[in-house]
There are 2 protein chains.
Amino acid sequence: MPLRLEAKNPGFVADFAALVAAEREPVTAVAAAVTAIIADVRARGDAVLAELTAKFDGVDLDAAGWEIGPAELDAALNGLAPDLRAALDLAATRIRDFHERQKPTGNDATDAAGVRTGVRWSPVDAAGLYVPGGRAAYPSSVLMNAIPAVVAGVRDLIMVTPTPGGEANPLVLAAARVAGVSRVFRVGGAQAVAALAFGTARIPKVDVITGPGNAYVAEAKRQLYGVVGIDMVAGPSEVVIVSDGKSNPDWIAADLLAQAEHDPVAQSILITTSAAEADAVEAAVARQLETLPTAAVASASWRDHGAIIVIGDLAEALPLLDALAPEHAELMVDDPDWLFARMRHAGSVFLGRHTPEAAGDYLAGPNHVLPTGRRARFASGLSVVDFMKRTTFLDCGPAGLAAIGPAGAAIADVEGLAAHAASIRLRLG
Amino acid sequence: MPLRLEAKNPGFVADFAALVAAEREPVTAVAAAVTAIIADVRARGDAVLAELTAKFDGVDLDAAGWEIGPAELDAALNGLAPDLRAALDLAATRIRDFHERQKPTGNDATDAAGVRTGVRWSPVDAAGLYVPGGRAAYPSSVLMNAIPAVVAGVRDLIMVTPTPGGEANPLVLAAARVAGVSRVFRVGGAQAVAALAFGTARIPKVDVITGPGNAYVAEAKRQLYGVVGIDMVAGPSEVVIVSDGKSNPDWIAADLLAQAEHDPVAQSILITTSAAEADAVEAAVARQLETLPTAAVASASWRDHGAIIVIGDLAEALPLLDALAPEHAELMVDDPDWLFARMRHAGSVFLGRHTPEAAGDYLAGPNHVLPTGRRARFASGLSVVDFMKRTTFLDCGPAGLAAIGPAGAAIADVEGLAAHAASIRLRLG
C-alpha cells in the first residue's frame, strides 16, 4: 500500500516533509574500488580494459574485436522490423527538431564607451556516450544522449557499451546508427568511463561523458567531473501527477506504474483534489499490477515509495510540487497552463490529460535525461549546451581602455595586485 | 628562468606536450577531513559553525553576531573613497549590462503533428556566495559572483565569509552592498559550504553555491555537487599571450606578471613569432619584477610555470592555443579576429594590444570566473544560467498523441516497459 496523506489532517505538514526528505538513493560503497580502477586505467590503459572485460563480460576483446564497426551498425539497422525502424526514425527526427531550437546564439556588441564585448558558443571536440549492456539497454537512451551532441556539432561521438557474453543489443546498435554515433567500443564499467576521460591507445579521449550506468559508472563520472564534463549526477526517477478528480483513473494508474516499473526505488506520487479519485486510482493500480509483466519491480516501487496526497483545491498543489521539485510532473487538469505558470521547479512538465510521460520518454522531442531527487531546484535536463562551451571576448581598443581603465586600476590598487594595475596604466600612457 | 621552446626545434612536439600535461594543481589530502566536517554540520548544525569559527577565526559568533547586517554594509559602502565608490559602481553597472545579454529565452511551439513542446527558464530560489576572508578577499570577486545571480532573478543571495580576528574586509562588504547580496554571515571554510547546502537554524539552505576558496572550500563544493549546484571545479589560473613581434614588451611583461602575481602555481605563457620579442619580454619581466610589490609570488610562478614559445608564423599558434585551452588568451596582433575565428578553446579572449586581461578581471563586463587547467575544452565561465534552470514541457493533446503515440508504444514494447506502452495505448482508445 502506498502512503496516503490528506492535506487537511493536522499531521500533514510533518508527514509531507518526511516524504520529501525520504532518502531513496541507495548508499553504495564503491568509491574506493572506482578510484583504484581509474588509477589503473590511467597507468596501464587498454590492458586494464582487456582484463576487466574478460572478467566481467566473458569477452576476449582481441579475439572478438574492440570495436563494433559501421557494417555491424548498418546490419542492426537494416534488421529492424519496418514499423520499429519507422518509430526510431520518427523519434530521432522529433528529438533533433526539438534540440535544434536549443542551439544558443552568441552576441557581439560595442557599447557607448567603445568597448566591444560578447559571447561565442562552440561545440566540444569529442563526446563519450555510456550505454549499459545486456537487456536493460534502451535505444531511446542512445537517441536522447547522442542527438543533442550531434546537434551541438560535436565532431567525434564515441559510444562505449559492454557486451556480456559477446552479445550486443541490436536495437541499441540501430539507435546508434540512426543518431549519428561515430564509433562504438565493446567496453563498459568504470574502466570504460576512465578510458574515455584520459584516452588510451585504442579509446579516444573525449571532453564530455554522458549516459546512464550502474553505481560504478555513476561514481566514475562523479570522480572524473572536472577532468571531463558530465551530465548531472542521476538518482532514481520520479513522477508527480496532479489531477482534479476528473481524469480517467486507469490513465493515472498506468502513468504511476510506468514510473514505478523502472526501478524499485523509483517514486510515483499522485496529488488529487478528490478522495474518490484517490480510491479509484489505488484500485486501478492494484488491478493493472495483476497482469503487468513488470509487476515485480513496479509493485515494490509503488508499495515502498508511492504516495497519494489528497488536497482541498488545485492551488494547494503548488507548494507541494515545488518542495518535491520532481523530475516529471503531469498536470492532468482542465487548465494545466494555470498550474504550470505558477509552479517553479520540475525537470519536465506534461500538460493535460492526453500527455503521458511515456510520450516524452520516447519521441515527443524534449530530452528524457532529467534532474532527479529534487535536483530540478537547480539543475536542468540534458541539452545541446551540455556539449558546447561559451567563450567570452573583449576588445577595449585605445578609446575604450581610456574610458574604463582608470577605474579598473583603482580596484586593482585596493586589491593589492600591482601588476594588474600596471598592465592597465602602462597602456594609458 | 621560464621555459623557452622553439617550434622549429626537433624536440618541440614532445616538449610542448610535456608543458600541456604538466600538473600544476597541488594534490591536497583534505577529502576525509571535509567529509567529516560535512557530516558534522548535517548532524549538529550551527553548533559546529560556532565551534570551528571560534577555533579558526578566533571569533565568538554569539558575542560578535552571526550576521553582518544592512547597516554595516551601508557603512562600508559610504566609507569608500569617492573614486573607489565610482569604480565599484562602474564595474557593477558594466558587469550587470553584460550579463543581462546572457539571459536565456525559452520557447513554446506547436508542430505540424499538433504536439506542443517548449522550454521555460526560471531562476533558482536561493544562491550561496563564498567569499574568502582576510587580506585575499577581493571585491571584484563579489561582484563577478553575485551580479549574475541577481540578473538571473535569484530571490535570496546569501554570502558567507570568515572574519579572522573579527575583521571583515570593508571593500568586500561594500561590494556585497553594491551587488545586491541579501544577507552576509561571518562563517567560512568547508563548514560554511555545508551549512549553505543543507541549511541550519541560522543559515538558509541554498540551491547553488559559487565563489572561490581554499582547498577545504573547493573540496566541500566538489563533495556537495549534486546536493546543490556549484560553479566549476577551479584550479590555478593561466594566461596565454600571442604576439606578432610588434607589441610593447613592457605591456606583455606586465600582463604575464598580472597572471603570475595571483598564485605561485599560476601560469603565464607567451607565444610569439619573434625571437627578439621573446628576449625583450623576458628582460622586461626581470626588470619589472625588481620593483613589483607582489614579486615574491609572481617570480615563483614565472620561474616554475612560465614559458615562452617562439613560432614561425601566427597560424602555428592555433593548435598550441587549442591544446592549452587557456582560461585567458590575449591576442596582441594586428588582426586578432583572424586568430579568434580559428581557435576553438579558451575561457575568455582578449582582442588586440589595448585589451589587458586586468580590464576584464575588474569591470569590462564578461565574468572573471573562468574554466582553468584546460577545462575550457568543455566548460564555460560563470554566467546567468548557472543560477537558472530549464524546465521542458510537452502537451500532446488528443490529436498529437494519436499522431505520435503508436510509435512511442512500439519502442516501449521492445524496451520491455509494459506500463509505458499501456499508458499511451489506453489513451489512444
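The values are calculated or read from the model by the stated rules, or taken from the named source; none is laboratory data. No experiment lies behind these values; they were computed from the predicted model shown. Please note: Cβ atoms are built from the backbone with ideal geometry, for glycine as well, and neighbour counts cover all protein chains shown. Ligands, DNA and RNA are stripped out before the accessible areas are found, and what is left, the full protein with its side chains, is counted by its heavy atoms. Shrake-Rupley method; radii C 1.70, N 1.55, O 1.52, S 1.80 Å.
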*asked:* Name the residue that is farthest from B:Ala323 (Cα to Cα), counting only residues in segment A:150-167 that are in a helix (DSSP H, G or I) and either modelled with pLDDT under 95 or among the charged types (D, E, K, R) (or both).
replied: A:Gly165
*Looking at A:Leu84, A:Leu90, A:Leu129, A:Leu80, which is the one that is crowded, with 20+ Cβ neighbours inside 10 Å and either within 7 Å of chain B (Cβ to nearest Cβ) or touching a His at 6+ places or on another chain (Cβ under 8 Å) (or both)?*
A:Leu90
*Would you pick out the residues in segment B:162-172 that are touching a residue at least 60 places away in the same chain (Cβ under 8 Å) and open to solvent by 10 Å² or more (accessible area, probe 1.4 Å)?*
B:Pro162, B:Pro164, B:Gly165, B:Gly166, B:Ala168, B:Pro170, B:Leu171
*Here are some conditions: (1) at the interface with chain A (Cβ under 7 Å from one of its Cβ atoms); (2) touching a helix residue (DSSP H, G or I) at 6+ places or on another chain (Cβ under 8 Å); (3) crowded, with 23+ Cβ neighbours inside 10 Å. B:Val384 meets all but one. Which one does it not meet?*
(1)
*Could you count how many residues in segment A:179-227 are at pLDDT below 95 and part of a strand (DSSP E or B)?*
1
*Determine if segment B:387-395 includes at least one residue that is open to solvent by less than 10 Å² (accessible area, probe 1.4 Å), under 20 Å from the mean Cα position of the chain (by Cα) and not basic (Lys, Arg).*
yes
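So which residues in segment B:95-112 are within 24 Å of B:Thr161 (Cβ to Cβ) and open to solvent by less than 40 Å² (accessible area, probe 1.4 Å)? Let's see the steps before the verdict.
Step one: of segment B:95-112, the residues within 24 Å of B:Thr161 (Cβ to Cβ) are B:95-96, B:99.
B:Ile95, B:His99 - these are the residues of segment B:95-112 that are within 24 Å of B:Thr161 (Cβ to Cβ) and open to solvent by less than 40 Å² (accessible area, probe 1.4 Å).
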*Of all residues in segment A:173-184 being farther than 10 Å from A:Val160 by Cβ and among the aliphatic types (A, V, I, L, M), which is surrounded by the most Cβ atoms within 10 Å (Cβ to Cβ)?*
A:Ala175
_All positions within segment A:301-359 that are away from every other protein chain (no Cβ under 11 Å), surrounded by fewer than 20 Cβ atoms within 10 Å (Cβ to Cβ), over 26 Å from A:Met1 (Cα atoms) and among the aliphatic types (A, V, I, L, M)_ = A:Ala315
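Please work out if A:Gly199 is free of Cβ contacts under 8 Å to residues at least 24 places away in the same chain and of a type outside the set (Ser, Thr, Tyr).
Working: free of Cβ contacts under 8 Å to residues at least 24 places away in the same chain: yes; of a type outside the set (Ser, Thr, Tyr): yes.
The answer is yes for A:Gly199.
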*Hits in segment A:360-381 (condition: in contact with a Leu (Cβ under 9 Å, 6 or more places away or on another chain), on the phi > 0 side of the Ramachandran plot and more than 7 Å from chain B (Cβ to nearest Cβ))*: A:Arg374
*Which one of the conditions (1) part of a helix (DSSP H, G or I); (2) at the interface with chain B (Cβ under 9 Å from one of its Cβ atoms) does A:Ile147 fail to meet, given that it meets all the rest?*
(2)
*Examine segment A:60-76 for a residue that is at pLDDT 95 or above, more than 14 Å from chain B (Cβ to nearest Cβ), within 19 Å of B:Val414 (Cα to Cα) and surrounded by 15 or more Cβ atoms within 10 Å (Cβ to Cβ), and state whether such a residue exists.*
yes
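For A:Gly400, are the conditions met, namely being at pLDDT below 95 and more than 7 Å from chain B (Cβ to nearest Cβ)?
no
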*Between residues in segment A:402-429 that are farther than 18 Å from B:Ala260 by Cβ and free of Cβ contacts under 8 Å to residues at least 12 places away in the same chain and residues that are open to solvent by less than 20 Å² (accessible area, probe 1.4 Å) and among the hydroxyl-bearing types (Ser, Thr, Tyr), which pairs lie under 6 Å by C-beta distance while being six or more apart or on different chains?*
A:Ile411/B:Ser140; A:Ile411/B:Tyr362
*Matching entry among B:Leu224, B:Leu257 (being more than 30 Å from B:Val34 (Cβ to Cβ) and within 12 Å of another protein chain (Cβ to nearest Cβ))*: B:Leu257
*asked:* under 24 Å from the mean Cα position of the chain (by Cα), polar (S, T, N, Q), in a helix (DSSP H, G or I) and under 27 Å from A:Met232 (Cβ atoms): which single residue out of A:Ser268, A:Ser301 fits that description?
replied: A:Ser301
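Restricting attention to segment B:113-124, report how many residues are assigned to a loop (DSSP other than H, G, I, E, B) and crowded, with 19+ Cβ neighbours inside 10 Å.
Just the residues of segment B:113-124 that are assigned to a loop (DSSP other than H, G, I, E, B), to begin with: B:113-115, B:124.
If we keep only those that are crowded, with 19+ Cβ neighbours inside 10 Å as well, we get B:115, B:124.
So the answer is 2.
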*Hits in segment B:132-158 (condition: open to solvent by less than 40 Å² (accessible area, probe 1.4 Å), without any contact (Cβ under 8 Å) to a residue 40 or more places away in the chain and in contact with a Gly (Cβ under 9 Å, 6 or more places away or on another chain))*: B:Gly134, B:Val142, B:Ala146, B:Leu157
_Test for A:Arg183: is it over 30 Å from A:His305 (Cα atoms) and touching a helix residue (DSSP H, G or I) at 6+ places or on another chain (Cβ under 8 Å)_ = no
*For segment B:361-372, enumerate the residues that are open to solvent by 10 Å² or more (accessible area, probe 1.4 Å) and out of contact with any helix residue (DSSP H, G or I) (no Cβ under 6 Å at 6 or more places or on another chain).*
B:Asp361, B:Leu370
*Can you name the number of the only condition in (1) in contact with a helix residue (DSSP H, G or I) (Cβ under 7 Å, 6 or more places away or on another chain); (2) open to solvent by 10 Å² or more (accessible area, probe 1.4 Å); (3) more than 12 Å from chain B (Cβ to nearest Cβ) that A:Asp279 fails?*
(1)
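Within segment A:239-254, restricting attention to residues that are touching a residue at least 40 places away in the same chain (Cβ under 8 Å), in contact with a Leu (Cβ under 9 Å, 6 or more places away or on another chain) and open to solvent by 10 Å² or more (accessible area, probe 1.4 Å), which residue is nearest to the other protein chains (Cβ to nearest Cβ)?
Of all residues in segment A:239-254, those touching a residue at least 40 places away in the same chain (Cβ under 8 Å) come to A:239-244, A:246-248, A:251-252, A:254.
Of the ones still in play, those that are also in contact with a Leu (Cβ under 9 Å, 6 or more places away or on another chain) are A:239-244, A:248, A:251-252, A:254.
Right, trim to open to solvent by 10 Å² or more (accessible area, probe 1.4 Å) and you get A:244, A:248, A:251.
Working: A:Asp244: 16, A:Asn248: 7, A:Trp251: 6 Å.
That would be A:Trp251.
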*Within segment A:7-34, track down each residue that is charged (D, E, K, R) and open to solvent by 50 Å² or more (accessible area, probe 1.4 Å).*
A:Lys8, A:Asp15, A:Glu23, A:Glu25
*B:Ile37 fails exactly one of the following numbered conditions: (1) within 20 Å of B:Pro139 (Cβ to Cβ); (2) open to solvent by 30 Å² or more (accessible area, probe 1.4 Å). What is the number of that condition?*
(1)
_Conditions (1) crowded, with 20+ Cβ neighbours inside 10 Å; (2) over 21 Å from the mean Cα position of the chain (by Cα): number failed by B:Ala295_ = (1)
*Name the residues in segment B:415-429 that are within 7 Å of chain A (Cβ to nearest Cβ) and open to solvent by 60 Å² or more (accessible area, probe 1.4 Å), would you?*
B:Leu426
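Just checking, does segment B:185-208 include any residue being open to solvent by less than 30 Å² (accessible area, probe 1.4 Å) and under 16 Å from the mean Cα position of the chain (by Cα)? Please lay out each step first, then the result.
Of segment B:185-208, the ones open to solvent by less than 30 Å² (accessible area, probe 1.4 Å) are B:185-197, B:199-200, B:203, B:206-208.
Subset that is under 16 Å from the mean Cα position of the chain (by Cα): B:208.
Scanning segment B:185-208, I find at least one residue that is open to solvent by less than 30 Å² (accessible area, probe 1.4 Å) and under 16 Å from the mean Cα position of the chain (by Cα), so the answer is yes.
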